[in-house]
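FYI, it's all coordinate maths here, none of it is from the lab. The shown structure was predicted, so the numbers you read here are calculated from the model rather than taken from an experiment. Cβ sites come from the backbone with ideal geometry, for glycine too, and all protein chains shown count toward neighbours.
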Ligand code: GLV
């Protein structure tokens, strides 16, 4: 008897092929996030769940099915899953680290370049037929090269950002809960500083930290006020790391020069006023969205799921305590 699996939304085919070979698969038939009721229905009677960061998997969902053995998230971040609750119920939780590092760093870099050089604003201007020829004061922005970059969280993605920054000959500061080994700091040319020093010294502040209760609103009014008036904030990590309401005020009142965002506090909703601002670049959570990377994520999520269902230790198990 093949194990029963629910896939909460269609993922790239290479991932589905792996799951379909080994399991009896039910897939969300719609091209949208499931409602809570539909998710509850989907979870009934299955052995494994392959879900996405848009699905909230909490104790209530887990309690629907006491046979659930594994929750495979097709994302590196897993703040959408109540891992403690899963561990209590001996349910394995897995994620997809590593495969999306460079793709996400590329996107964060694209955001940084776009806000610094006003790409979105000037694209709109050009499309609207307003370009009447070169002008000495047209869309003056800020230099990226030789400026100071502040990286919050020097994990895999933060380090990939630092590597890119070296090409732009930037001064690189970082902060993290744990200081990186000296070899890593030396290789990246990154200097460890406090969050306060990073905020007050950086021209670009980019967030690459996971979302936990302790990192919720890591950047709020106080932190935004510590940034330089000429500085920019980039967030391609998780929306709730930033108090979005305070950010809108900061951008409206020019406490900082601008922000470039891939993620939002209440996705897919945006804080009131955000989309009316010129000094912001906003894209719809596409950090890992390259064809190749999404295929790798799907394959990894499927491999984790199948391994767990076969009684093996999945390669990317988040809650190793379930094995105790
Ligand atoms: C995307 O946001 C991810 O966590 O993989």
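Which three numbers, in whole Å and largest first, are the semi-axes of the equivalent ellipsoid of the chain derived from its Cα gyration tensor as √(5λ)?
Taking √(5λ) for each Cα gyration eigenvalue gives 38, 22, 18 Å.
Per residue, what volume in Å³ does the convex hull of the Cα atoms of segment 30-127 enclose?
Numbers: hull volume 13.3 nm³, N = 98.
So the per-residue hull volume is 135 Å³.
Suppose the chain between residue 222 and residue 128 were pulled fully straight at 0.36 nm per residue; how much longer would it get relative to their current alpha carbon spacing?
Working: separation 94, 0.36 × 94 = 33.84 nm, distance 3.78 nm.
In short, 30.1 nm is gained.
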- Could you compute the FRET efficiency for residue 196 and residue 275, with r as their C-beta to C-beta distance and R0 at 45 Å, rounded to 0.05? 0.90
- Hull surface over four for the Cα convex hull of segment 101-282, reported in nm², is 10.7
- Message: I'd like the FRET efficiency for residue 36 and residue 138, computed as 1/(1 + (r/R0)^6) with the beta carbon distance as r and R0 of 56 Å, rounded to 0.05.
- Response: 0.70
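Go through 195-202, 224-231 and give me the packing order, highest mean Cβ count within 10 Å leading.
Working: 195-202: 18.6, 224-231: 17.1.
For the peptides 195-202, 224-231, the packing ranking is 195-202, 224-231.
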- Message: With the crude spin-label approximation of a point 7 Å out along Cα→Cβ, what separation in nm comes out for residue 168 versus residue 323?
- Response: 4.0
- Quick one: angle between helix 291-309 and the longest Cα principal axis of the chain, in degrees between 0 and 90, rounded to 10, please. 30
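Can you pull the percent of Cα pairs in segment 96-192 with separation above 22 Å? All intermediate terms of the calculation are to be shown ahead of the outcome.
On the way: 1897 of 4656 pairs.
Result for the distance tail: 41 percent.
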- Message: If I fit a long axis through the Cα atoms of helix 13-22 and take the longest principal axis of the Cα atoms of the chain, what angle between them do I get, 0 to 90°, rounded to 10?
- Response: 20
- Query: How would you order 276-285, 303-312, 179-188 from highest to lowest mean count of nearby Cβ atoms within 10 Å?
  - Reply: 303-312, 276-285, 179-188
- Task: Fewest Cβ neighbours within 10 Å first, please rank 55, 176 accordingly.
- Result: 176, 55
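Taking 8 Å as the Cα distance limit and 6 or more residues as the minimum spacing, I'd like the relative contact order of the chain as a percentage. Don't jump to the answer; show the numbers that get you there.
Working: 635 pairs, mean separation 67.5, N = 324.
Relative contact order for the chain comes out at 21 percent.
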- Working from the pairwise distances between different alpha carbons, so that the mean of 1/r is found and then inverted, what is segment 167-253's Kirkwood radius in Å? 13.8
- Have a look at 153, 273, 220 and tell me which one the Gaussian network model of the chain (Cα, springs below 10 Å) gives the largest fluctuation. 273
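Dividing the convex hull volume of the Cα atoms of segment 203-312 by its residue count, what figure in Å³ per residue is obtained? List each step's numbers first, then the result.
Values: hull volume 13.8 nm³, N = 110.
Given the Cα convex hull of segment 203-312, per-residue volume reads 125 Å³.
Determine the calculated [θ] at 222 nm for the chain from helices alone, applying -39500 (n - 2.57) to every DSSP H run no shorter than 4 residues and normalising by the residue count; nearest 500 deg cm²/dmol.
Details: 12 runs with 114 residues, N = 324.
Here the helix-only value at 222 nm equals -10000 deg cm²/dmol.
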- Note on the structure: Relative contact order in percent for segment 101-282 (Cα pairs under 8 Å, 6+ apart) equals 20
- Item | Centre separation in Å (Cα based) which lies between segment 67-88 and segment 293-324 | 11
- Residue-span extension gain [residue 230 to residue 289] - 0.36 nm each, minus C-alpha spacing: 18.2 nm
